Amino acid sequence: MVQLYKNGAYLINGNELVEDTQDAAKILASKIKNVPSKEDAAKNTMAYGILKNHNTSGNMEKLQIKFDRLTSHDITFVGIIQTARASGLEKFPVPYVLTNCHNSLCAVGGTINEDDHMFGLSCAKKYGGIYVPPHQAVIHQFAREMLAGCGRMILGSDSHTRYGALGTMACGEGGPEIVKQLLSKTYDINMPGVVAIYLTGKPAKGVGPQDIALAIIGAVFEKGYVKNKVMEFVGPGVANLSVDYRIGVDVMTTETTCLSSIWTTDSQVKEFYDIHGRPEEYKELNPGEVAYYDGVVYVDLDKVKPMIAMPFHPSNTYTIEELNANLEDILADVEKKALVSLDGKIPFTLRDKIRNGKLYVEQGVIAGCAGGGFENLCDAADILKGKNIGADEFSLSVYPASQPVYMELIKNGSISAFMQSGATVRTAFCGPCFGAGDVPANNGLSIRHSTRNFPNREGSKITSGQIASVALMDARSIAATAANKGYLTAATDIDVDYSKPKYFFDKSIYDNRVYNGVDKADPSVDVKFGPNIKDWPAMSALPENMVLKVVSEIHDPVTTTDELIPSGETSSYRSNPLGLAEFTLSRKDPEYVGRAKEIQKAQKAVESGNCPLDEVAELKPVMETVNKTYPDAGKGNIGFGSTIFAVKPGDGSAREQAASCQKVLGGWANIANEYATKRYRSNLINWGMLPFIIDAGELPFKNLDYIFIPGIRKAVEEKAAVIKAYVVKDELIEFDLKIGDLTDDERKIILDGCLINFYRN
């Protein structure tokens, strides 16, 4: 089904692979006249060409990218624009879309959600942006319909910013990277590796894009095979996938931890742009005659079966056939793995879902940027025609990804089929993907065609004794399960004729409702502020020396951004930095906030000219020990703050709040064995936090210990490879920390204390 090459490989004429072994040169010479060097062949990937066209540095090893278009949604755009305003924003330099698809229900926190929407509209008018009102479209569907273009690059403040199937290289990053683009700065990265995703064959009837995506994620995630690399989809199998299928696979590439994606384009992609009234955005994209890739993920589409990703990660994959045949064993294994994610804080079982030898689920959801596409919903409706979901616990809800998609589903009868079956149809909304909609009952199991199934993504609260879980599946198998009244069923196990109606896009829906202020910035417009929209608090520059208190220690194999700052209803406070920070680690380590605030008192005392030891009494013996070896430390040259340790933090969402909430509570650093994603590490840096790395193994410190780092400012300035640190006990116990590669600007941002200070300076 999916095979990973051990070596890199050459791709000849977009079809034939030659693995980079000792015989590679001989094989290549037998097939083509002029064999390029590996270095030249690497320049023949589609990714290299697009990056070169957007690079402003003149150095293809050290990229400085300017994007064509930007996107944000209503959990992120307020903080982004507030940061940009504080840094000197005058107008949006490129088209910038503000969608309202995350907090569009406006159900929690009084007026504060709609206040943020009005903030967004006023900023679109003042700075020249595009404002998409609530319920019109989820962020990525609008970008596909109205922003994508072959050869373009788009940056979005949402991790699932992926439009590679439409010939667009797109990246999801934290808000500060959007700020840099708004200030006409650049996205600075080393040239990423490029991995070929070689598709061959054709999916069986009933196999959908989520099945293909989950098969790939299950194969590559744990190995880190494509981490921070570009996934380039090539091979003869691409032509056997409709554009909607390609989009469905593409959006899920985020869950592999890759940097971005790009696909070859063809007449089907051209038709997509024609249908959407933007034929000028199409051009054919293919690798050169011989292209070199750093690795290959070989996918035989013929062999892909309906898949399921069990709680609590998209990489925890099985075929539905395998799961149904081994229910007891697999569910027991899933429960065992869940103990790690849940820290044993709450009883969790799935084996109570077995009824008469079958797995019963309480809920199905087809939604958002992954599931709410036209073809997914048409196929699901065909499965449900003439059937019903029953009147028991099982429920099914469907969210078309945009109003244009919704309208076509009404016209072709799909909406009627859903409603007659007992399913409910909702508006374009991302809530089911991050815990703000369709929250199951306690102990419930939900199957969803959405993007993630991390703990709490469905809205349960472990700290309140509530637990539910999500398994990811394709829309077709969810519909088959619904037709079977909640008993897990693969779409390949049912007989159905898929009608495959043609899609017609009605742009007037957006023309009549979406505000388009591109090139129409009006400085006279006043920005509308609601009472919950607060400025960022002042942040200090990096001190000469630093004392850190470890206030949380997390040993899970991976820590998600949702565990660092929960989504769901907490997101209503996203425009109030201090208000949102109260929720930091609340579902993982509820004592974190109090501990961080306590040590922050010392830093606030320093900033106000008072004695930090008077504010935090437990610092007195700490400084006494430090001063035995460093007698000058503490005389106007030291800072105090908190840090957390996590094995591998930052998987999941691009939300900058995972870092900024730590910062506003006095966080100066994270310490990790590695960072799960580039975007989380970038968020730390942009908020002036040190992304420390420590070698795997037994830690020299434990939770609540103090760490002293002498000369930290000098170490950052001088680009020290290793930084000497000490655990403060009765004596100083030395150990080493690393920061990893930083650009010159990233060093300055850390030295200045955050991106806002960097631009002010």
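Of note:
- Which numbered condition residue 546 misses (of (1) modelled with pLDDT under 90; (2) touching a Gly at 6+ places or on another chain (Cβ under 8 Å)): (1)
- Lone qualifier among 305, 345 - being assigned to a loop (DSSP other than H, G, I, E, B) and out of contact with any strand residue (DSSP E or B) (no Cβ under 8 Å at 6 or more places or on another chain): 345
- Restricting the range 585-599 to residues that are of a type in the set (Gly, Ala, Ser) and at pLDDT 90 or above leaves a set whose member that is surrounded by the most Cβ atoms within 10 Å (Cβ to Cβ) is 596.
- Residue 672 hydrophobic (A, V, I, L, M, F, W, C), modelled with pLDDT under 95 and within 30 Å of residue 84 (Cβ to Cβ): no
- Considered as a group, the residues in the range 692-706 that are of a type outside the set (Gly, Ala, Ser) and farther than 20 Å from residue 589 by Cα include one that is farthest from the chain's Cα centre (by Cα), and that residue is 700.
- Test for residue 165: is it farther than 30 Å from residue 756 by Cα, among the small types (Gly, Ala, Ser), in contact (Cβ under 8 Å) with a residue 24 or more places away in the chain and in contact with a helix residue (DSSP H, G or I) (Cβ under 9 Å, 6 or more places away or on another chain): yes
- Odd one out for residue 280 among (1) part of a helix (DSSP H, G or I); (2) closer than 25 Å to residue 377 by Cα: (2)
Table: residues versus (1) at pLDDT 95 or above; (2) assigned by TED's automatic domain parsing to the domain that holds residue 574; (3) within 15 Å of residue 517 (Cβ to Cβ); (4) surrounded by fewer than 20 Cβ atoms within 10 Å (Cβ to Cβ).
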residue	(1), (2), (3), (4)
112	no, no, no, no
116	no, no, no, no
122	yes, no, yes, yes
137	yes, no, no, no
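- Yes/no for residue 160 being in a loop (DSSP other than H, G, I, E, B), surrounded by fewer than 24 Cβ atoms within 10 Å (Cβ to Cβ) and touching a helix residue (DSSP H, G or I) at 6+ places or on another chain (Cβ under 8 Å): no
- Residue within the range 749-757 that is surrounded by fewer than 18 Cβ atoms within 10 Å (Cβ to Cβ) and within 23 Å of residue 600 (Cα to Cα) present: yes
- The residues in the range 355-392 that are among the β-branched types (Val, Ile, Thr) and modelled with pLDDT under 95 can be counted, and the count is 0.
- Set 566, 523: member being within 30 Å of residue 211 (Cα to Cα) and in a loop (DSSP other than H, G, I, E, B): 566
- So residue 642, is it within 14 Å of residue 549 (Cα to Cα) and either at pLDDT 95 or above or part of a helix (DSSP H, G or I) (or both): yes
- Those residues of the range 318-347 which are under 30 Å from residue 494 (Cα atoms), surrounded by fewer than 17 Cβ atoms within 10 Å (Cβ to Cβ) and among the hydrophobic types (A, V, I, L, M, F, W, C), in sequence order: 325, 332
- Residues of the range 53-101 that turn out to be under 16 Å from residue 161 (Cα atoms), of a type in the set (S, T, N, Q) and outside any strand (DSSP E or B), as a count: 2
- Counting only helices (runs of 4 or more DSSP H) that sit completely within the range 396-509, those holding 1 or more residues that are without any contact (Cβ under 8 Å) to a residue 40 or more places away in the chain and not basic (Lys, Arg) correspond to 403-411, 414-421.
- Test: residue in the range 109-123 that is of a type in the set (Val, Ile, Thr), within 15 Å of residue 73 (Cα to Cα) and outside any helix (DSSP H, G or I): no
- Positions within the range 711-759 being in a strand (DSSP E or B), touching a residue at least 60 places away in the same chain (Cβ under 8 Å) and under 31 Å from the mean Cα position of the chain (by Cα), in sequence order: 737
- Restricting attention to the range 8-42, the residues that are free of Cβ contacts under 8 Å to residues at least 40 places away in the same chain and part of a loop (DSSP other than H, G, I, E, B) total 8.
- Annotation: of all residues in the range 674-691 being within 13 Å of the chain's Cα centre (by Cα) and outside any helix (DSSP H, G or I), the one that is surrounded by the most Cβ atoms within 10 Å (Cβ to Cβ) is 677.
- Considering residues of the range 304-331 that are out of contact with any helix residue (DSSP H, G or I) (no Cβ under 9 Å at 6 or more places or on another chain) and not polar (S, T, N, Q) only, the residue farthest from residue 33 (Cα to Cα): 329
- For the criterion of being surrounded by 24 or more Cβ atoms within 10 Å (Cβ to Cβ), in contact with a Gly (Cβ under 7 Å, 6 or more places away or on another chain) and part of a helix (DSSP H, G or I), residue 381 fails.
- Output for the range 739-748, where each listed residue is surrounded by 14 or more Cβ atoms within 10 Å (Cβ to Cβ) and either of a type in the set (Lys, Arg) or in contact with a strand residue (DSSP E or B) (Cβ under 7 Å, 6 or more places away or on another chain) (or both): 739, 743, 745, 747, 748
- Single residue of 41, 24, 86 found to be modelled with pLDDT under 90 and closer than 22 Å to residue 232 by Cβ: 24
Yes/no per residue for (1) in contact (Cβ under 8 Å) with a residue 12 or more places away in the chain; (2) buried (at least 22 other Cβ atoms within 10 Å of the Cβ); (3) assigned to a helix (DSSP H, G or I); (4) in contact with an Asp or Glu (Cβ under 6 Å, 6 or more places away or on another chain):
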{"site": "184", "(1), (2), (3), (4)": "yes, no, no, no"}
{"site": "207", "(1), (2), (3), (4)": "yes, yes, no, no"}
{"site": "214", "(1), (2), (3), (4)": "yes, yes, yes, no"}
{"site": "237", "(1), (2), (3), (4)": "yes, no, yes, no"}
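- Residue check, residue 397 crowded, with 18+ Cβ neighbours inside 10 Å, over 17 Å from residue 248 (Cβ atoms) and touching a strand residue (DSSP E or B) at 6+ places or on another chain (Cβ under 9 Å): yes
- The single residue among 25, 42, 9, 47 that is touching a Leu at 6+ places or on another chain (Cβ under 6 Å) and either farther than 30 Å from residue 133 by Cβ or of a type in the set (D, E, K, R) (or both) turns out to be 9.
The values are calculated or read from the model by the stated rules, or taken from the named source; none is laboratory data. Just so it is clear, the model here is predicted, and its values are computed rather than measured. Positions of Cβ are generated from backbone atoms using ideal geometry, with glycine treated the same way; all protein chains shown enter the neighbour counts.
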